[in-house]
Amino acid sequence: MYLTRKSLPRRTFLRGLGAAVALPMLDAMSPALSAATTAPPRLGFIYIANGVIQKDWNPTAAGANFELSPTLKPFASVRGSINVLSGLAHSQADTFGDGTGDHPRASAAWLTGVHAYDRTQPGAEVRLATTADQLAAQHIGKSTRLSSLELTVDFPTQGACDSGDCFYVNTVSWRNETTPNPAESNPRVVFERLFGDGGDAASRQARNRDAGSILDSVLHEVGRISKDLGPGDRTKLDEYLDSVREIEQRVKAPAAQSAQTIEIIDRPVDVPESFDEYTKLMLDLQALAFRADLTRVFSLIMSRELSSRTFPFIGVPDQHHAVSHHRDDPDLIAKKAKIDVYQMQLVAYFLEKLQAAKDGDGALLDHSLILVGSGMGDGNLHRHFDLPCLLAGRLNGSIRTGQHIKYPDKTPMTNLLVSLLDKVGLPIDKLGDSTGRLTPDPLSI
């Protein structure tokens, strides 16, 4: 580690006109004469909907030498940083005699373990519980610019949400029992939340029309800080700012393209037409937010329950939800398996980004814990047990990875959430229908 005569606060921002760019972890932010720092923990929650083809998801063997299943093969490059858990369940997503609504209850229960309030009854209200991500955000997100970030790449819907309220499928994050956190789908909005620094709507629109970069206004600050940094820190800072500039241009590109053919509207279309490009852009924004320590907690809906999205670019022109009800048709099973694999390829892309990003004395993935999963196991039969569940990251070296752990059938998934919160310094006795911590605990070495 290169030690300089000066040290920088961890919360250093480069400030310019309408911009505030947080710096990544630099050696100069370490206490004087100290060769090691403890990076802050980061937590991520990625939701996949409509169940999975379980025979292709579940590894056949347990333990440290398990073979990646067909659906999990995209994780080959980060295999040593993941754990696969099987046997977990969300019994509170089952019907308790209150009709259909298995899909809304699945996403509602995922981070709460609470049965969604039945909207079919007269006078019923939207009511759930504070989700695990928000409990974590209250604890580890207090000092960051955003305590948490809620994202989606499957656009929210109104109506046609089965018998449950659309709130239950459009977000997996709830601030409290009556307040869902809306998930943002627009990458420009996400970028401005991360790097914007005030100004009225007119000034923000003027900045959006400017062909330059938000970083142009902080170049003086970059020069001032760089002269006191060591060679390694200067390289790290340059690479980070290049990443910000590159992502900013990707955010601007869709609006620039639309401006060539249609009149500019108040809220320009900023979502890339390619779903692959769009999702990777959103994941890159989240990786950048982690790297700059702008937030330490996020949730992302990769696919929402009852999703009508199609995937013609991977040979699946059918709607996701319809394909999940395959009725044992081999052709539909193959199509659903393709969707499952493709979603894991996107998750693997994100994990590889975190693995490549340096963060203090390690990589971002070393200091993070990403939970990937669903509140539904078998989408064809609407079963809420044997849930797909994958953990990635070592959370500052406190987690033994590279395992497939099989639990007794229908072990509450909320036991995992309780263990997870305990691992980031927030011990709680109960969450939803939890019965204690997971045993064996996948979050212990």
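Read-outs: derived from the displayed coordinates by stated rules, not from any lab. Given the structure is predicted, the values throughout are model-derived calculations rather than measurements. Glycine gets a Cβ as well: all are built from the backbone with ideal geometry, and neighbour counts include every protein chain shown.
Looking at the stretch 323-376, which trypsin sites (Lys or Arg not before Pro) are in a loop (DSSP not H, G, I, E or B) and have at most 15 other Cβ atoms within 10 Å?
R327
Sorted from largest down, give the three principal axis spans of the alpha carbons of the stretch 291-336, whole angstrom values.
46, 20, 16
Set the Förster distance to 22 Å, then compute FRET efficiency between E273 and A334 from the Cβ-Cβ distance, nearest 0.05.
Details: r = 26 Å, r/R0 = 1.20.
E(calc), rounded to 0.05, equals 0.25.
I want the local charge near L420. Using Cβ-Cβ distances under 11 Å, sum +1 for each Lys or Arg and -1 for each Asp or Glu among the other residues.
-1
Shape verdict for the stretch 294-445, please, from the Cα gyration tensor: rounded (a/c under 1.5), prolate (a/b greater than b/c) or oblate.
The shape class here is oblate.
Give me the extension gain from R327 to N65: residue separation times 0.36 nm, minus the current Cα-Cα distance, reported in nm with one decimal.
Working: separation 262, 0.36 × 262 = 94.32 nm, distance 3.34 nm.
Length gained between R327 and N65: 91.0 nm.
What is the sum of charges around R42, taking Lys and Arg as +1, Asp and Glu as -1, for the other residues whose C-beta is under 11 Å from the C-beta of R42?
It works out to a net charge of -1.
Any idea how far apart V189 and L381 come out in nm if each label point goes 7 Å out from Cα toward Cβ?
For V189 paired with L381, the spin-label model returns 3.9 nm.
Pop the C-beta distance of F96 and Q249 into the FRET formula with R0 = 35 Å and round what comes out to the nearest 0.05.
Calculated value: 0.10.
For the pairs K236/K280; K236/K353; K336/K410; K353/K406; K236/K423; K55/K406, note any where the Cα-Cα span goes beyond 18 Å.
Working: K236/K280 22 Å; K236/K353 15 Å; K336/K410 24 Å; K353/K406 28 Å; K236/K423 30 Å; K55/K406 15 Å.
K236/K280; K336/K410; K353/K406; K236/K423, as the Cα separations exceed 18 Å there.
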